[in-house]
1. Among the residues of segment 318-354, what is the count of those that are touching a helix residue (DSSP H, G or I) at 6+ places or on another chain (Cβ under 8 Å) and either assigned to a helix (DSSP H, G or I) or open to solvent by 60 Å² or more (accessible area, probe 1.4 Å) (or both)?
2. Can you name the residue in segment 4-28 that is among the polar types (S, T, N, Q) and closer than 26 Å to ARG388 by Cβ and is also modelled with the highest pLDDT among such residues?
3. For segment 182-233, please list each of the strands (runs of 3 or more DSSP E) lying entirely inside it that holds at least 3 residues being surrounded by fewer than 23 Cβ atoms within 10 Å (Cβ to Cβ).
4. Confirm whether SER620 is open to solvent by less than 20 Å² (accessible area, probe 1.4 Å), closer than 20 Å to LEU553 by Cα, among the hydroxyl-bearing types (Ser, Thr, Tyr) and out of contact with any strand residue (DSSP E or B) (no Cβ under 9 Å at 6 or more places or on another chain).
5. May I ask you to list the residues in segment 292-308 that are open to solvent by less than 10 Å² (accessible area, probe 1.4 Å) and in contact with a helix residue (DSSP H, G or I) (Cβ under 9 Å, 6 or more places away or on another chain)?
6. Look at ARG129 and say whether it is basic (Lys, Arg) and under 25 Å from the mean Cα position of the chain (by Cα).
7. Just to confirm my filter: which helices (runs of 4 or more DSSP H) fall fully inside segment 635-705 and include at least 2 residues that are of a type in the set (Ser, Thr, Tyr), in contact (Cβ under 8 Å) with a residue 24 or more places away in the chain and surrounded by 17 or more Cβ atoms within 10 Å (Cβ to Cβ)?
8. Among the candidates ASP783, ASP794, which residue alone is out of contact with any strand residue (DSSP E or B) (no Cβ under 9 Å at 6 or more places or on another chain) and among the acidic types (Asp, Glu)?
Amino acid sequence: MGQKMTLIARLGFLLTALAGSLSAQRGDKAGEDQPAISPDIRVPAAPVLDPTAALASMRLAPGLRMELVAAEPLVQDPICMTFDASGRIWVIEMRSFMPNVDGEGEQAPTSRVVVLEDDDGDGVMDRSRVFLEGLVLPRALALVDDGLLLIEPPNLWFHRDSDGDGRADQKELVTSGFDAGLDNVEHAANSLLFGLDNWIYMANHPLRIKRLRDGSWLQEPILSGGQWGLSKDDKGRLFFNYNSDFLRSNLYPAHYGGRHPHQGRPFGLNQQVIKNQAVWPSRVTPGINRGYQDGMLRDGVLTRTTAVCGPVIYRGDALPNGFRGNAFVCEPAGNLVRRLVLDEQPGRITGKNPYEKSEFLSSSDERFRPVNLYNGPDGALYLVDMYRGIIQHKNFVTTFLRRQIIERGLEAPLGLGRIWRILPAGEERQEPQNLSRLSDTELASLLAADNGWTRDQAQRLLVDRDSPQVAHILRSKLLAEAPAVGRVHALWTLEGMNRLRRSDVFRALHDESQQVQATGIRLAEPFLEARPEPLLWVLIDQLAAQKDPEVLLQLTLSLGELSSESALIRLARIAELQSEDPILRQAALSGSYERELAFIQQLTSDADSPGKRAVLRQLSRLLTAGRSSNRLEQLLELIAATPETWRRRAMLQGMVDSLPRQDSRAGFLKLSRSPAALGSLSRETELQTLLAELLPAIAIQPESADSQEDEQLEGAQLQSFRQGSRLYPVHCAVCHQVDGRGMDGLAPPLRDSDWVLGEPERSIRIVLHGLVGPVRVADKEYDMSMPGHAGLGDDEIAAILTYLRRVWNHRATPVSASRVESVRSATAERETQWTAEELLRIR
């Protein structure tokens, strides 16, 4: 029998290699060979297993057990879920995802939101009720007040059941701009997560939202991150990942990071938690997208991350204490879940796999597809298993993977799915309380519960109820008697109810807990901005003198939010005293926008150090990047008047740092007059090398001539630019960043890029159909796979490109909708992404 199987395998290998019957796939890279898996590797079958057999295929860490919560037909094709206050599970069923290897019919309106209910309290779901149906590729859900927030591309909707029959009958448009989820399921917004600060955050989307007391929705742009999945720890810090990177973290709230448009992503945001990306599946895994590449498979077994998603920070109280605060991450291509024990040092969170060449959870069932993880109301860890053969989206399927799918029958069946729960072995599950039935007083006490899910739900319910008596309960009980985590939740509950007082802030600043103090500093921002009190500044200064890392970081971030001179003086003091700390240095600089000169003038220390040079250099770079003629002249005068050579060199180096590559520098910086400072600086021998780089970039251009050459947009072109300024953060900034500087290893910069400012037909083609393979931008090569955005209208594409060609002091011609329409028509038959080589041939 073994010889017969080997012969069949070798025959299949030869037929696949010689026939060449499979056409190129969207995920194929030009010129890349894709040899089939070696016939010497025995690939086990991948039959559909019922839940009992599937459970037997699991290999779980010692001391734990896994239980089935729900399975088909009760739940089908689940991708994400959330619990309501009653313990019911709300699930998105993405029933049209990849119905076959070509994704045909993927946009059929067959997806649903269902509510799973446990009638007898045994923890196993007994009923499934449809709340919403007829949906197209819904991606995320969250329960808000009396309704459901749902991402259904291209919109974010708020659905309500107004008559109490259990089905949605009203919907309100919150915002649009989620088009990418229709054509690029893997790389679009997802994960509506309630933050500790009462905002709702998303992965892969540069907005956060909040429902106000009058029912309206507030939106704010932020630096976002992640690909699929989002979680938070007890301090409210966000964690996310990318398909080839286990886990990343934000050490502080991301809205602070995007304040300076020329800074890029500051240190401390989107930080990698673990460098070692090795994985240890418990079965042969040839059904991965790039299994043909060197190093992806070890004897047919996946060696490194390729599809990681759905992270969660465990905040429950059912698993042993050593699990609290750990990260858990799905890897559906490897049929496993990774556990990471996190360790925090100042300025860095790192993670480690506690199992030597093994995983927390792995399965020998190839159809086990963990895609999301959650904390539960009973303190357990919950897992969403999409349970299917195909997990890779059509936009990225390679010929190698297509062979695997077809030859091994992985396209069918569809409509399966499971939800699992992980608990300690030998211990009974504790049935959770029904929080919806609790009084305000009972809910308030749960703000200090051991289970993080319970604390979050209690806060959300109290904010939604907005009962006046709650504020008194929180002040008399929680802020006085609760542990630190309860006091933090109490403060944010008051803030969410718009009942926070100055006295609450003073109380927090006097607290013995550094976490509470840091929370108090953040909550003090509106009070310090509106009517600063000397006593409040005294408390702030006392906390700064303690130099606790958590408190000092929050203080640095908060000072950057304030417009007063008092705040800037303190911010500069921290930047100088803590200049050797990169996270504090960059946090301080993020609050310097349009006051860089005043910031520099507050830096009074004469003592030279690498950190102080870095502060001056970066401030100068940020100011120069704005390319304001008046401010550049003031900076040069300040440099010339500075007595210390090391300070002059640092600031000049910062100006040089802001320049584009050599062949694009001429006239990059325009001055209205020739400042005397240039003459005095040019006589200093030690500055000649820097001036030799800077001077060719400076053009003297009187204001009248400048305004005549730099023709201002008006009419339809101006309207298009403004439309593009709204569309760019939604469709492009996730990868290319709000400031257009791109992201290392993922997306090239758009600022001063020939691809943006050159022939418009090239950039139109890229937006329509995407770009794959190596591309060189600013002397750096990016091996990328950008999806197309053909779903955008001609006017929308024209608006985005017009914005990009005119923002950041770009002066390329606008792009018209008719030009986009012409290119769209000429390339209508195009089904694959462009390569840089193809585009460069377009003249």
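1. Total meeting the criteria: 1.
2. To start, the set of residues in segment 4-28 that are among the polar types (S, T, N, Q) comprises 6, 16, 21, 23, 25.
Add one more test, that the residue is closer than 26 Å to ARG388 by Cβ, and what stays is 16, 21, 23, 25.
Working: THR16: 37, SER21: 38, SER23: 51, GLN25: 75.
Here the residue is GLN25.
3. On the way: elements: 190-194, 200-203, 207-211, 217-221.
Where strands (runs of 3 or more DSSP E) fall fully within segment 182-233 and carry at least 3 residues being surrounded by fewer than 23 Cβ atoms within 10 Å (Cβ to Cβ), they are 207-211, 217-221.
4. Details: open to solvent by less than 20 Å² (accessible area, probe 1.4 Å): yes; closer than 20 Å to LEU553 by Cα: no; among the hydroxyl-bearing types (Ser, Thr, Tyr): yes; out of contact with any strand residue (DSSP E or B) (no Cβ under 9 Å at 6 or more places or on another chain): yes.
No, not satisfied.
5. As a first pass, look at segment 292-308 and keep what is open to solvent by less than 10 Å² (accessible area, probe 1.4 Å): 300, 302, 305, 308.
If the condition is that a residue be open to solvent by less than 10 Å² (accessible area, probe 1.4 Å) and in contact with a helix residue (DSSP H, G or I) (Cβ under 9 Å, 6 or more places away or on another chain), then LEU302, THR305, VAL308 are the ones that fit.
6. Details: basic (Lys, Arg): yes; under 25 Å from the mean Cα position of the chain (by Cα): no.
Judged against the criteria, ARG129 is not a match.
7. On the way: elements: 645-657, 676-682, 688-694.
Answer list for segment 635-705: none.
8. Details: ASP783 fails: out of contact with any strand residue (DSSP E or B) (no Cβ under 9 Å at 6 or more places or on another chain).
The conditions single out ASP794.
The values are calculated or read from the model by the stated rules, or taken from the named source; none is laboratory data. It should be emphasised that the depicted structure is a prediction, and the values quoted were computed from it without experimental measurement. Neighbour counts are summed over all protein chains in view; Cβ atoms, including those assigned to glycine, are modelled from backbone coordinates with ideal geometry. Just the protein is used for accessible areas: all its heavy atoms, side chains included, with ligands, DNA and RNA removed. Shrake-Rupley method; radii C 1.70, N 1.55, O 1.52, S 1.80 Å.
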